[in-house]
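Notes follow once the structure below has been shown.
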Amino acid sequence: MNLILLGAPGAGKGTQAEVICEALKIPAISTGNIIREALSNKTEMGLKAKSFIDAGKLVPDEVVIGIIKDRLKKDDCANGFILDGFPRTIPQAEALDEMGITIDKVIDIEVPDEKIVARMSGRRVCKQCGSSFHMVYRKPEKEGICDNCGAELMQRKDDHPDTVLERLTVYHDQTEPLKDYYSRKGILRVVEGQEEVADTTALTLKALED
Ligand code: AMP
């Protein structure tokens, strides 16, 4: 099954992507994680993306489209994949169509802006494997340490309040039109992001069956 997770930054796409990855045994692909990894390895692409990420802006379409083209060619995508954070613009969605990729479902996780701002301040990510945690909603077993790989957790620079507001504006302007794009194709499923992660997860898994 080829899936897309749509939703504002901080809506919980990463967490749901991990759950679906586990349930369906297909890889979760996060363009944000790929770019951050390139950044920490100081590759040319990573360095080019840095100023956009730090300002809460989108990295140019041709860069992320190139990333996704390469990633989807890998063997582990043969039985499907979950895209987390791609597409984020109409041209990116069109690029997927042009690659001849059929998307089976788009799960849109809806969370009001006010809740997003409150949530992002508690978000922590693993420096090494990129797993997400939250100081209130998804506490790691050991404070400040990743449950998956034992590395240190950190707050992303772009999770700071001013950048979060900019990212929300970018989301509403450039990414939200994708809801219409996929709704017209009849593959959009809306999930209300709940207070409890487990409740959102139950709704996400149900949406996959519809
Ligand atoms: P994320 O972890 O998905 O919130 O992504 C972090 C940042 O990476 C975003 O704020 C963008 O600057 C960049 N990014 C990730 N995915 C994309 C995309 N599909 N298009 C453009 N920029 C992206």
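All of (1) in contact with a strand residue (DSSP E or B) (Cβ under 8 Å, 6 or more places away or on another chain); (2) outside any loop (DSSP other than H, G, I, E, B) hold for I101 with one exception: (2). The number of residues in region 28-44 being over 29 Å from M1 (Cα atoms) and not in a loop (DSSP other than H, G, I, E, B) comes to 3.
A Cβ distance below 7 Å, combined with a sequence gap of six or more or placement on separate chains, defines the contacts here; from region 147-159, residues that are away from the ligand (no atom under 16 Å from the Cβ) reach residues that are of a type in the set (S, T, Y) and part of a loop (DSSP other than H, G, I, E, B) in the pairs N148/S131. Select from region 117-146 the residues that are in contact (Cβ under 8 Å) with a residue 24 or more places away in the chain, β-branched (V, I, T) and assigned to a strand (DSSP E or B) and list them in ascending order. If the condition is that a residue be in contact (Cβ under 8 Å) with a residue 24 or more places away in the chain, β-branched (V, I, T) and assigned to a strand (DSSP E or B), then V125 is the only one that fits.
Residues in region 38-65 that are away from the ligand (no atom under 11 Å from the Cβ) and within 25 Å of C21 (Cα to Cα): S40 alone. If the condition is being surrounded by fewer than 19 Cβ atoms within 10 Å (Cβ to Cβ) and part of a helix (DSSP H, G or I), then region 45-66 contributes M45, G46, L47, K48, K50, S51, F52, D54, D61, E62, V63, G66. Condition (residue is within 23 Å of L165 (Cα to Cα) and modelled with pLDDT of 95 or more) applied to region 36-57: is it met by at least one residue? Checked region 36-57: no residue is within 23 Å of L165 (Cα to Cα) and modelled with pLDDT of 95 or more.
In region 74-101, of all residues being of a type in the set (A, V, I, L, M, F, W, C) and under 19 Å from N33 (Cβ atoms), the one that is farthest from the ligand (Cβ to nearest atom) corresponds to C77. The set of residues from region 125-157 being closer than 20 Å to A198 by Cα and in contact with a Pro (Cβ under 8 Å, 6 or more places away or on another chain) comprises F133, C146, D147.
The values are calculated or read from the model by the stated rules, or taken from the named source; none is laboratory data. This structure is a prediction, so every number in the text was calculated from the model and none was measured. Please note: Cβ atoms are built from the backbone with ideal geometry, for glycine as well, and neighbour counts cover all protein chains shown.
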